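The values are calculated or read from the model by the stated rules, or taken from the named source; none is laboratory data. Computed from a prediction, not measured in an experiment: that's the story for all the values here. Neighbour counts are summed over all protein chains in view; Cβ atoms, including those assigned to glycine, are modelled from backbone coordinates with ideal geometry.
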Amino acid sequence: MKYKKGDKVRFLNAVGEGVVTKTTADGTVFVLDDTGFENPAEQDELILISEYQEPEAGGQETEAPAQASGTPDFYPEVSQIAGNEEAKAFFAMVPQPGRDATDADLETYLINDSNYILFYNLVEVTKAQSRGIDAGIVEPNTKISLFTLLRQEIGKSGDYIFQVVFYNEGIYKPVRPIEKKIVISPIKLYKEQTFKENDFFHEKSLIFDLVAAEKPENEAPEMGTEEKKKLKELEKMMQSKKKADARPRKTVKKIEPEEKREIDLHINELIDNTTGLGNSEILAIQMDKFKSEMEQAIKDRIKRIVFIHGIGNGTLKNELRKTLTQQYSKYVFHDASFKEYGFGATLVVLNN
């Protein structure tokens with residue numbers, strides 16, 4: 001059965017009843033219960049008590065329930081907070097409690113951390129299409145639940161665009177409307193350090209600033225100019241390498257007469273999809289590739305081999321050099337040419 005705003009329903013699997021405030025495109029029904037909390041439920045988890053009746057012409061209009069705001073009835077009608085006059089809004093991804101952050105489904109929220117009333121429109125964007133997900137009002141200094149991102153759906157969903165308008169009743173300082181695109185990186189959602197302590201939830205969460213920042217509030221600082229330059233040079237070198245190497249074994253390139261072989265250990269060069277992989281699993285794949293290429297290069301009597309590991313946080317570089325020291329101690333290794341690779345590669349001398 002399809003429910004509409006204003007319908008009175010009873011929960012099938014829980015005690016209580018309430019009034020439908022909205023339904024989303026995926027069929028989720030939001031019900032405002034007697035305590036003032038808004039609860040999401042599937043349609044088959046509800047029983048209709050009575051349908052909402054439109055007022056007759058000339059008759060007294062029956063007030064339908066307010067648009068979902070996440071504000072309980074026992075909160076003060078005016079929730080102005082001194083010092084919160086600046087327009088601030090955040091999109092939050094919160095791992096469900098009781099499970100590891102890298103394995104839990106993610107609950108999403110829209111937070112209005114200001115004394116403004118917030119109107120929003122939420123759109124999911126993929127390569128194929130743009131799809132409206134939700135729209136509504138968030139009262140000052142409150143947060144509302146948006147949707148649940150299932151762990152198995154990570155990597156399949158698109159990016160999200162928030163269109164936000166701040167306003168107030170009476171005299172207030174206007175704020176320019178905001179449109180912010182949130183790009184979700186599946187790899188980051190499988191890293192525990194992505195989720196940080198915050199002021200809005202007890203659980204560690206991933207918080208995106210919709211007003212000021214171009215990146216999640218708890219992401220690492222932006223790369224400096226020199227780091228960007230090195231990264232750009234490395235990307236350019238890798239693109240040239242891909243075009244020049246026409247053999248099926250794309251990660252192997254032999255240059256004559258130096259007999260130097262280059263191996264790119266970046267994970268996206270080794271496998272097509274990293275969804276569901278943790279940091280340790282990714283590192284294991286990279287190290288397996290490193291060892292197999294070392295053995296092949298020794299067998300082929302290659303003079304030199306360069307392993308491109310990138311800069312990153314240094315984990316792959318350190319593990320690679322530790323293995324060279326312990327298992328290939330007879331071979332000399334050092335940083336590869338800075339001019340060619342920056343700080344992101346190690347050269348191993350196999351034969352003089």
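Some points to look at:
- Residue 342 being farther than 21 Å from residue 288 by Cβ and surrounded by 14 or more Cβ atoms within 10 Å (Cβ to Cβ): yes
- Residue list for segment 111-145, filter: among the hydrophobic types (A, V, I, L, M, F, W, C) and over 13 Å from residue 161 (Cβ atoms): 111, 117, 118, 119, 128, 137, 138, 144
- Restricting segment 322-345 to residues that are among the charged types (D, E, K, R) and closer than 17 Å to residue 264 by Cβ, the residue that is modelled with the highest pLDDT: 335
- When segment 247-271 is filtered for residues that are modelled with pLDDT of 85 or more and loosely packed, with under 14 Cβ neighbours inside 10 Å, the ones remaining, listed by number, are 268, 271.
- So residue 311, is it at pLDDT below 90, out of contact with any His (no Cβ under 8 Å at 6 or more places or on another chain) and not acidic (Asp, Glu): yes
- When the residues of segment 109-133 are filtered to those that are crowded, with 20+ Cβ neighbours inside 10 Å and part of a strand (DSSP E or B), the one that is farthest from the chain's Cα centre (by Cα) is 118.
- Within segment 134-165, the set of residues being free of Cβ contacts under 8 Å to residues at least 24 places away in the same chain and within 26 Å of residue 177 (Cα to Cα) comprises just one member, 135.
- Residue count, segment 1-30 (criterion: part of a strand (DSSP E or B) and either farther than 23 Å from residue 143 by Cα or out of contact with any Ser or Thr (no Cβ under 7 Å at 6 or more places or on another chain) (or both)): 11
- Residue within segment 163-183 that is outside the structural domain of residue 267 (by TED's automatic domain parsing), of a type in the set (Ser, Thr, Tyr), out of contact with any strand residue (DSSP E or B) (no Cβ under 7 Å at 6 or more places or on another chain) and farther than 21 Å from residue 96 by Cα present: yes
- Complete set of residues in segment 316-330 that are surrounded by 14 or more Cβ atoms within 10 Å (Cβ to Cβ) and in a loop (DSSP other than H, G, I, E, B): 328
- Filtered residues of segment 294-315 (kept if touching a Phe, Trp or Tyr at 6+ places or on another chain (Cβ under 9 Å), surrounded by 20 or more Cβ atoms within 10 Å (Cβ to Cβ) and part of a helix (DSSP H, G or I)): 294
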